[in-house]
Each structure stands twice: as structure tokens, then as C-alpha cells.
Amino acid sequence: MKFFVDTAEIDQIKELNDLGMVDGVTTNPTLIAKSGRDIIEVTKEICSIVSGPVSAEVTALKADEMIAEGRKLAKIAPNIAVKVPLTWDGLKACKTLTDEGTMVNVTLCFSANQALLAAKAGATFISPFIGRLDDINLDGLDLIADIRQIYDNYGFETQILAASIRSVNHMSECAKIGADVATAPASVIKSMANHVLTDKGLQGFLADIQKAGIKIL
Ligand code: G3P
């Protein structure tokens with residue numbers, strides 16, 4: 001499973017990228033606003049750091065405006081994936097931009113039917129939002145499994161990009177189901193290294209190191 005980091009914070013992207021943990025980046029208007037930077041400028045900087053796909057989201061609601069915005073975003077760098085919302089207009093924009101050779105990430109997906117339409121429109125990525133489904137007492141992971149089954153049934157090449165990931169459990173479950181990509185905040189990716197038994201085991205080893213005076217350097 002590829003890891004995308006869901007942020008527009010340069011420091012966080014650099015730290016994970018240096019460790020080989022970043023296969024791509026996703027941003028959205030909320031994350032751009034949080035960065036306090038101009039969308040074009042910050043996206044350009046991210047694309048200069050990361051070689052994998054960098055999602056940049058359109059702001060328009062009408063297809064022709066989304067297409068114009070998408071064309072501008074696509075000029076930033078060859079690794080841009082234009083992010084469009086899963087609306088009828090978004091699907092139209094997806095088809096046009098895809099036909100022009102631009103990667104498209106269709107976002108705000110909350111149902112298997114929406115994911116089916118995005119695949120038919122040629123999306124490079126479909127972004128089902130796990131956490132926001134969990135928020136309304138539905139199971140976001142069930143949606144990932146349903147889309148996996150549907151895409152596999154028909155050989156769709158659209159990649160399942162599990163989004164709105166809130167926990168380390170979401171990460172391992174997505175990997176078990178077979179999501180192609182998971183995008184998560186840097187904090188979630190870093191938390192995957194944590195385990196209470198690792199901490200406990202280390203405490204025991206440290207006590208013995210001190211007791212026995214073990215030195216290597
Ligand atoms: O990539 C979409 C993601 O950023 C949404 O996450 O936590 O705002 O639902 P969240």
C-alpha cells in the first residue's frame with residue numbers, strides 16, 4: 001500500500017519523505033488554508049520535494065470552471081493530480097482532464113456507486129472518506145472493501161486512495177482490504193511506530209543496560 005501524506009506543511013512532508021515514507025501528497029482547501037500560504041506557491045514547493053503524485057483541489061463547482069482551474073494546477077508540475085469533487089460536474093471535469101493526460105483524484109466519495117462512476121469517468125484515484133463515515137456511525141472500512149470488490153470484478157484501474165484516515169487501525173485495515181493508497185496526517189503515520197509492549201520492553205532493556213554497565217561506544 002502506498003502512503004500519501006495528507007498535509008500542506010512542508011516540514012512534515014520533508015521529515016517523512018527523507019525516511020522513504022512518502023509516495024505522494026494530498027491537499028485540500030482546508031489544509032491549504034491551514035498552511036496560510038498561496039495554493040500555487042505551496043503546491044509548487046511540495047512538487048519539488050516529492051516525486052509521486054501531489055493532489056491539488058479545484059475550488060469551482062461548475063465543470064468548465066473546474067477544467068480551467070485543473071489545467072492551471074496541472075501546469076505547476078508533471079506530478080500534479082487535480083482533485084475534483086464527486087459531483088456530476090466533477091465527473092465531467094474528471095473525464096476531460098483525464099483525456100488530456102492529467103491525473104485526476106475524485107474526492108468526497110461516500111458510496112460504492114459514486115466510486116463506480118468515478119472509475120467509468122477514468123479517474124486515476126478515488127478518495128473514499130473513511131473517518132467522516134465513521135463520524136455518522138457508518139463503517140468507512142466497509143466502503144473501502146466494497147469498492148475493492150467492485151473494481152476487481154471489472155478490472156478498473158482507478159486506484160483506491162483511502163482518505164479521512166484518523167487512526168493507525170484505519171491504516172492496517174486498509175492495507176488488509178487492499179486499498180492501493182492511504183492518505184493520512186503525518187501524526188497518524190508516525191504513530192504506526194508505537195506499541196505499548198515496545199515501550200515496556202525498552203524500559204526493561206534500559207534497566208539491565210544500566211545494571212550491567214553495558215557499553216558499545
Ligand atoms: O484527504 C481528505 C482528508 O483530508 C479529510 O480528512 O479528517 O478532514 O475527514 P478529515
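The values are calculated or read from the model by the stated rules, or taken from the named source; none is laboratory data. This structure is a prediction, so every number in the text was calculated from the model and none was measured. Backbone-built Cβ (ideal geometry, glycine too); neighbour counts: all protein chains shown. Accessible surface is based on the protein model in full, side chains and every heavy atom, while ligands, DNA and RNA are left aside. Shrake-Rupley method; radii C 1.70, N 1.55, O 1.52, S 1.80 Å.
Quick look at the numbers
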quantity	calculated
Centroid-to-centroid separation of segment 101-128 and segment 168-217 [C-alpha atoms, Å]	33 Å
Total charge dipole magnitude, segment 2-186, about the Cα centre, Cβ charges on Lys, Arg, Asp, Glu only, Debye to nearest 20	320 debye
Surface accessible to a 1.4 Å probe, per residue, for the residues of the chain, Å²	53 Å²
Residues whose placed amide H lies under 5 Å from that of GLN159, excluding near-sequence neighbours	PHE125, ILE126
Candidate aspartates and glutamates - alpha carbon under 14 Å from LYS75, same-chain residues fewer than 8 apart omitted	GLU41, GLU45, GLU57, GLU100
Hull volume in cubic angstrom per residue (convex hull over the Cα atoms of the chain)	148 Å³
Calculated FRET efficiency for the pair LEU197/LEU19, C-beta based, R₀ 22 Å, to 0.05	0.45
With all protein chains modelled, accessible area of MET103 [1.4 Å, Å²]	50 Å²
Heavy-atom accessible surface of segment 2-186: percent carbon and sulfur, 1.4 Å	52 percent
Helix-only mean residue ellipticity at 222 nm for the chain, each DSSP H run of n ≥ 4 adding -39500 (n - 2.57), per residue, nearest 500	-15500 deg cm²/dmol
Cα long-axis angle, helix 88-99 against the chain (0 to 90 degrees, to the nearest 10)	80 degrees
Relative contact order %, the chain, counting alpha carbon pairs below 8 Å whose residues are six or more apart	17 percent
Cut-off under 5 Å, modelled amide H: who pairs with VAL25 long-range	VAL5, VAL54, SER55
In order through segment 121-132: 3J(HN,Hα) via Karplus (6.51 cos²θ - 1.76 cosθ + 1.60), integer Hz, x for Gly, Pro	7, x, 4, 6, 10, 10, 10, x, 9, 5, x, 6
Restraint check, LYS92/LYS120; LYS34/LYS95; LYS72/LYS95; LYS190/LYS215; LYS44/LYS190, Cα-Cα greater than 19 Å	LYS34/LYS95; LYS190/LYS215; LYS44/LYS190
